[in-house]
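Engineer: Sharing a structure, written as structure tokens. Questions coming.
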Number of protein chains: 4
Amino acid sequence: MSRLRFLTAGESHGTCLVAILEGLPAGVPIDAASIEAEMKRRQFGYGRGPRMKFEADRVELLSGVRHGKTLGSPVALSIANKDASIDRLPVVTQPRPGHADLAGAIKYDHRDIRNVLERASARETAARVAVGAICKQALSALGIEVASHVIALGSIRTVPARVTVTRLRATADRNPVRCLDARAAKQMMRLIDRCAREGDTLGGAFEVVVEGAPPGLGSHVHYDRRLDALLGQAVLSIHAVKGVEVGEGVRGSSLRGSQLHDEIFYSKAKGFSRSSNRSGGFEGGMTTGEPVIVRGFMKPLSTLRKPLRSVEIHTKKPVVATVERSDVTTVPAAGVVAEAMVAFVLTQAMLEKFGGDSLRELQRNLAGYRRQVQQF
Amino acid sequence: MSRLRFLTAGESHGTCLVAILEGLPAGVPIDAASIEAEMKRRQFGYGRGPRMKFEADRVELLSGVRHGKTLGSPVALSIANKDASIDRLPVVTQPRPGHADLAGAIKYDHRDIRNVLERASARETAARVAVGAICKQALSALGIEVASHVIALGSIRTVPARVTVTRLRATADRNPVRCLDARAAKQMMRLIDRCAREGDTLGGAFEVVVEGAPPGLGSHVHYDRRLDALLGQAVLSIHAVKGVEVGEGVRGSSLRGSQLHDEIFYSKAKGFSRSSNRSGGFEGGMTTGEPVIVRGFMKPLSTLRKPLRSVEIHTKKPVVATVERSDVTTVPAAGVVAEAMVAFVLTQAMLEKFGGDSLRELQRNLAGYRRQVQQF
Amino acid sequence: MSRLRFLTAGESHGTCLVAILEGLPAGVPIDAASIEAEMKRRQFGYGRGPRMKFEADRVELLSGVRHGKTLGSPVALSIANKDASIDRLPVVTQPRPGHADLAGAIKYDHRDIRNVLERASARETAARVAVGAICKQALSALGIEVASHVIALGSIRTVPARVTVTRLRATADRNPVRCLDARAAKQMMRLIDRCAREGDTLGGAFEVVVEGAPPGLGSHVHYDRRLDALLGQAVLSIHAVKGVEVGEGVRGSSLRGSQLHDEIFYSKAKGFSRSSNRSGGFEGGMTTGEPVIVRGFMKPLSTLRKPLRSVEIHTKKPVVATVERSDVTTVPAAGVVAEAMVAFVLTQAMLEKFGGDSLRELQRNLAGYRRQVQQF
Amino acid sequence: MSRLRFLTAGESHGTCLVAILEGLPAGVPIDAASIEAEMKRRQFGYGRGPRMKFEADRVELLSGVRHGKTLGSPVALSIANKDASIDRLPVVTQPRPGHADLAGAIKYDHRDIRNVLERASARETAARVAVGAICKQALSALGIEVASHVIALGSIRTVPARVTVTRLRATADRNPVRCLDARAAKQMMRLIDRCAREGDTLGGAFEVVVEGAPPGLGSHVHYDRRLDALLGQAVLSIHAVKGVEVGEGVRGSSLRGSQLHDEIFYSKAKGFSRSSNRSGGFEGGMTTGEPVIVRGFMKPLSTLRKPLRSVEIHTKKPVVATVERSDVTTVPAAGVVAEAMVAFVLTQAMLEKFGGDSLRELQRNLAGYRRQVQQF
């Protein structure tokens, strides 16, 4: 049993999504408005179909919080679905390429693919964002902040530069594609418009940035304690994310050692520090104290208006999988989901390193360690 | 408790490395020669320093195997270190950029960085390769084969094409850089020679290919059951691997949906199949039945002869971290380690899906499922 | 991650209880009436205070079930609380001996003990019974049945004899104290009446019986795979249960080896069998194929009308912890909760041994093993 | 992944036993003599057959410890077997009642029962005792001490009274049956002598006592966080232990509430305290700060010279399972094994609550909490 864990449940046209987050300390202030804000950020983004426009998802906290603070007991939450028609929806027998449809139907022995796609839908990430919003508040009380932005959309790529959480918050979310580079953002929107007309879809890449994590989260001592790998898993677990890198993981693999590694400096004021952060804040599977940088690569959406060939599962006849309307891209939203997953994994890592059953105890333990780091 | 698990232990100049692999069914044939062969593959590769040349690692099976077959009880193994001088080795106080040195010393409150680097060393991967060699034999008994090759070394990149395990085995390991493309291989070796002269190091990329995995391993139903993400974690947990992709994860993120997704076909003989495999054998976090393709991006080694700036931890004075001799690159070996990690995770997934406490039971359950898949 | 897991959430005067059960195969028939029947069984029992009399708990399935069958996705359920006044209830500052009150307040740094007792309440077991009701249906589809009865109440003890699930179901639940021995049952009720008058409380013991489990669940190969120990943990995790035995665990410790062990016989018709079952169906941490017998010892309830001395946590002044009305005993209900916990752990064990993502696959794997057992 | 974990491996006539303990903080002093002392305590005890007399088990630390302190990396250890003849030992085809033999052979599809009994043997507990000896040293550095004594042997039962660790250490281990009550001890030895003559075996009961655990280890918030239940599992996982109680778990179930619960007092000097400890130091699944008391009930050994009926597995003919020489009882040793398991689970609980990657950090966090408790 790990110290902090969560389960989600719910189908996209069922009653609701549910999540239980178990293992938080008591006394963490939980602000409902912040949760709602995260829910909206996930629903936002240029390139979404019309259905996301209307009503925002509302999170109902069912347990574990009282008078605005966590109790230490499990936090349960639900998010109602607007359309809970799952029992009346028609049978689906044409698996869509790129989706869980075919493998899921075979695995679970379903003859109605709806039994797969209802759960495989990215609707589930709403529950993750709610869980992540709570973790973010816990991290915030410990001086750790998480943000993200879009760094590529389809063929439009930006050159990632060092960026602060403050600037990300001030800028990225004000932009319909959540991209800092205003010129690239315009190109991305134009590309989305073109794909919308052509019935095609787009993928891209996002970057999550975390500030304030102390050095020494995760560990080199065992393969399954390497925190960068755990963050990688968390980001890869997001729908349509098929690649991940920590810092300059992909580009750095083609550099030479003398070009890549972040040299070590020391000053009285700041202690040990680096002038570069190509490692993405990780050495030996541990945080270095520099900002954590994790990037995800997302494939273009699998539900597209352009026809893809498939097979009807009963007749085995070839068919063409089409769909009426669809999002062109959800990369901006995926970055928000990734923030949630990163926030969860970092909260786990903080609790593993610092223990603590109340926020006060956790903060005290962290303060003791921060002094120890300063005196190292 | 997951069904199959392993722990490793051991410092690079301690007595030995140890691993315990717990949860295998009984009756799996274990061939010592195959384990030794894997150990050699890990030590092999152009670009290694002179120390790896002499004696091969030998694995001693300490438990869990009798008369050449697993017993169902935990398999313990040890690998002796040639140089077990850890207690006499000098204190280290200059952390090397790119290594676990500084973060590890701070985290564990060590004033002798040797206490970190002895465990953080890639020597530990020898234990993983031994564990993976056993898992590979279990998988092999189930018709699943794992292989790998180098697809990039420094700035020399190849264009990955569909390749079979048979061809990989026949070709990749015969080549000092484990690269299929003979022309690229020559360029890679030239680049290594140049870097060796200049005291620099190289990273690169490798691809692991798995054939024979049935559709439906892993699951879309919960974020921590997505097998591609678990494979990603396993590969990212390897020393110096900072990026990972499933199939065309990185390049695919810049394509359009109509260009990327693998269309679905059906024939009496083969059942459902795809003409392309850009998904790397995964949809919705589950195997599709196509070959599994996972690629890792490895940073250049952090131990280089070219000077990198650092700080002495007691005096806080700036120093220059140098090293006498070193490998130029270990990308060929990293691919072998990645095979081991992939083999472990796939064996876990097979046991989770098919159960079975004897190989006979596991094979029977798998055969039943393969029939079910055919009749789907 | 274990194959099957569940989390519960909810405070006793919060909105509702919530549970998520993750890891069930698809295709398991789920009958709402059976769940409701289990919920009623938990609320039933002579010795309960008046509050339990009125309305039965209703379980709402929120996900994971469609058209009466599991989907393979997580099953979420909620149970509304009749009184959701948690935010308006008064502060509690007098910890009750025998409760989580004091340790919980210290641990979580709560100055209002209500923040502890709301979660520590046995109300939480309603969620477990709902989860167990679902597991029981999965087990039932595999030929495994779980039942229980009360074998001791306060000083009134019965002599446990071999008893079938069929008889338990026909008899135990028809009896207000869920005891098979009619004479003892009468004595128990008289004792409860006396304690009710005197403001005192009673503990006791219950026995859970499982029929149909195949031999070989659990394992001797590792300490944390011993299924009897896992069942022990599950039963000890129930509120007020402070002792557990497998078969004749306690009494058997005073017997001699020649009196205790269950000799082994064989017949064509039944295969291997035993004429006695003092082992409670376990040898070496594994099921033997005989009925599983696990017994729990429950302390008398800690909320009693007779005064117990305590201390006010702010003033540190001695106080007397009293309570208006209370149950005299809940041993009959505890047996029902124990059935749920046992059902969960056995479902875990079945899935670990047999795998399977659909009921059909699981049944096929089990049938194959049953044939193997017969031919052993 | 839990913070602290261990695996053991090894067959009783294999090369050696191996254990890996992963997750300890760095800087814990490890004293080889203390480990050896624990190993001897396990081999000690009136009623053991002649084989245990000669040579003591020696533990070799293979990793994770340097200059007498833990490194934070996994601690591997091995214990050589004197007789490593497993490959030459004869086939066994007569399952012994009360052993893992039959269920294990069926489960793992073994036709040679030796493949089961080699691992099912209590020899494995030597590895646990070594692991526990290390955990005890970690606990000791945190002010927590673990001891045990025998409270019943066969029909000879003592009345457990409150006893200190100091007294247990001074007395129990000086006594060949590890029993504090000198008169009972004599009776026990006489009973053992009689059984030795008659070829019979004896079970009994032991009590583990822990002093110094702070209040608030474990938790009421979730069923699988209840520390008393986890301790119960750990003790039940020991060979031949079939029952467990926390404090007065069994006897207390027949008392009334007014007789059982430990009233709460307060004094400036000691803070909150109790005058009795019938709860065994647990309320709501959490430590109360009073001594932890866990008792195990052990069945008589299954290997006895008196004949028990069984069946030859190939011919299915009835046979009589006899054995040449055997221990009469191992209850004194089982108490030592139980100390080890309790020490492991408590170290887990301490690390979960207090975190810490160095002993210094762990001690600092604990000291902060102890102040918080005082000021509560």
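Engineer: Can you work out the FRET efficiency for the pair D:Ser267 and C:Ser273, with r the C-beta to C-beta distance and R0 = 51 Å, to the nearest 0.05?
Structural biologist: Efficiency computed from Cβ-Cβ geometry: 0.25.
Engineer: Once both axes come from the Cα atoms, what is the angle between helix D:331-354 and the longest principal axis of chain D, in degrees from 0 to 90, rounded to 10?
Structural biologist: 40
Engineer: If a/c stays under 1.5 just call it rounded; otherwise compare a/b with b/c (prolate if a/b is bigger, oblate if not). Do that for segment D:16-125, with a ≥ b ≥ c from the square roots of the Cα gyration tensor eigenvalues.
Structural biologist: Here segment D:16-125 falls in the prolate category.
Engineer: Step by step: find N for segment A:6-53, compute 2.2 N^0.38 Å, then divide the Cα radius of gyration by it. What's the final number? List each step's numbers first, then the result.
Structural biologist: On the way: Rg = 14.3 Å, N = 48, 2.2 N^0.38 = 9.6 Å.
Normalised Rg, Cα atoms only: 1.49.
Engineer: Given label points at 7 Å from Cα along Cα→Cβ, what nm distances, shortest first, separate C:Val323 from the same residue in every other copy?
Structural biologist: The projected label point of C:Val323 is separated from its counterparts by 4.8, 5.4, 6.4 nm.
Engineer: Right, something else. Would you list which aspartates and glutamates come within 17 Å of A:Lys186, measuring only between C-alpha atoms, while excluding same-chain residues fewer than 8 positions from it?
Structural biologist: A:Asp173
Engineer: Every other copy gets compared here: list the nm distances from the C:Arg194 label point (7 Å along Cα to Cβ) to its counterparts, shortest first, one decimal.
Structural biologist: Its label point is 3.6, 9.0, 9.7 nm from the equivalent points in the other copies.
Engineer: At a 10 angstrom cut-off on C-beta neighbours, averaged per residue, how do the peptides D:76-87, A:77-88 rank from highest to lowest?
Structural biologist: D:76-87, A:77-88
Engineer: Nearest the rotation axis from A to D, which residue of chain A has its beta carbon, and at what whole-angstrom distance?
Structural biologist: Minimum Cβ distance to the axis, with residue: A:Gly355, 2.
Engineer: Any idea of the accessible area per residue across segment A:5-375, 1.4 Å probe, to the nearest Å²?
Structural biologist: 32
Engineer: Something else now. Compute the long axis of helix D:125-140 from its Cα atoms, compare it with the longest principal axis of the Cα atoms of chain D, and write down the angle in degrees, 0 to 90, nearest 10.
Structural biologist: Compared with the principal axis, the helix lies near 10 degrees.
Engineer: Peptide A:261-272: average number of partner chain Cβ atoms within 10 Å per residue?
Structural biologist: On the way: counts 16, 4, 10, 15, 4, 8, 2, 1, 0, 0, 3, 8.
Partner Cβ neighbours, averaged per residue: 6.
Engineer: Considering only protein heavy atoms and a probe of 1.4 Å, how much of the accessible area of chain B is carbon and sulfur, as a whole percent?
Structural biologist: In chain B, the share of accessible area belonging to carbon and sulfur is 53 percent.
Engineer: Where the Cα atoms of the protein assembly as shown are projected onto their three principal axes, how long is each span, largest first, in whole Å?
Structural biologist: 84, 72, 69
Engineer: Still on this structure, I have one more. Step through the table entries C:Lys268/D:Lys317; A:Lys82/A:Lys306; C:Lys317/D:Lys270, compare each Cα-Cα distance with 23 Å, and write down the pairs that go over it. If you can, show how the numbers build up before the last one.
Structural biologist: Numbers: C:Lys268/D:Lys317 11 Å; A:Lys82/A:Lys306 28 Å; C:Lys317/D:Lys270 14 Å.
Pairs exceeding 23 Å: A:Lys82/A:Lys306.
Engineer: Ratio of chain A's C-alpha Rg to 2.2 N^0.38 Å, to two decimals?
Structural biologist: 1.03
Engineer: Across the residues of A:338-345, average count of Cβ atoms on other protein chains within 10 Å?
Structural biologist: For peptide A:338-345, the averaged partner shielding equals 0.
Engineer: Please compute the average number of Cβ atoms from other chains found within 10 Å of each residue's Cβ in peptide D:294-307.
Structural biologist: 5
Engineer: Nearest 100 Å² is fine: how much accessible area is buried between D and A, summed over both sides, with a 1.4 Å probe? Don't skip to the end; give the middle numbers.
Structural biologist: Details: alone 18800 and 18830 Å², together 35280 Å².
Protein heavy atoms only, the D-A interface buries about 2400 Å².
Engineer: Among residues other than B:Arg194 whose Cβ falls under 12 Å from its Cβ, what is the net charge (Lys/Arg +1, Asp/Glu -1)?
Structural biologist: Net local charge, B:Arg194 excluded: 0.
Engineer: Estimate the FRET efficiency between C:Glu36 and C:Lys316 by the formula 1/(1 + (r/R0)^6), using the beta-carbon distance for r and 41 Å for R0, to the nearest 0.05. Spell out each step's value before the answer.
Structural biologist: Values: r = 47 Å, r/R0 = 1.16.
That pair, C:Glu36 with C:Lys316, gives E of 0.30.
Engineer: Still on this model: Assuming R0 = 30 Å, what is the FRET efficiency of A:Gln374 and B:Asp87, from their Cβ-Cβ distance, to the nearest 0.05?
Structural biologist: Result of the calculation: an efficiency of 0.45.
Engineer: Okay, next question. Dipole magnitude of the protein assembly as shown about its Cα centre, charges +1 at Lys/Arg Cβ and -1 at Asp/Glu Cβ only, in debye to the nearest 20?
Structural biologist: Value, rounded to 20: 0 debye.
Engineer: If I fit a long axis through the Cα atoms of helix B:32-43 and take the longest principal axis of the Cα atoms of chain B, what angle between them do I get, 0 to 90°, rounded to 10?
Structural biologist: Taking Cα atoms only, the helix is inclined about 50 degrees.
Engineer: Sticking with this structure for a sec: Heavy-atom accessible area of C:His13 with all protein chains present, probe 1.4 Å, nearest 10 Å²?
Structural biologist: The accessible area comes out at roughly 50 Å².
Engineer: With every protein chain present, what accessible area does C:Tyr223 have (1.4 Å probe, heavy atoms only), rounded to the nearest 10 Å²?
Structural biologist: Roughly 20 Å² of C:Tyr223 is accessible to a 1.4 Å probe.
Engineer: When each copy gets a label point 7 Å from Cα toward the beta-carbon at C:Arg370, what are the spacings between them in nm, shortest first?
Structural biologist: Those label-point separations list as 2.6, 5.9, 6.2 nm.
Engineer: In whole angstrom, note down how far apart the Cα centers of segment A:16-44 and segment A:174-210 are.
Structural biologist: Going from one Cα centre to the other spans 27 Å.
Engineer: Contact order normalised by length for chain A, with contacts defined as Cα pairs under 8 Å and 6 or more residues apart; what percent is it?
Structural biologist: 22
The values are calculated or read from the model by the stated rules, or taken from the named source; none is laboratory data. Computed from a predicted model, the values in this text were never measured in an experiment. Reconstructed Cβ throughout: ideal geometry from the backbone, glycine too, with neighbour counts over all protein chains shown. The accessibility values were calculated without ligands, DNA or RNA, using every heavy atom of the protein model including side chains. Shrake-Rupley method; radii C 1.70, N 1.55, O 1.52, S 1.80 Å.
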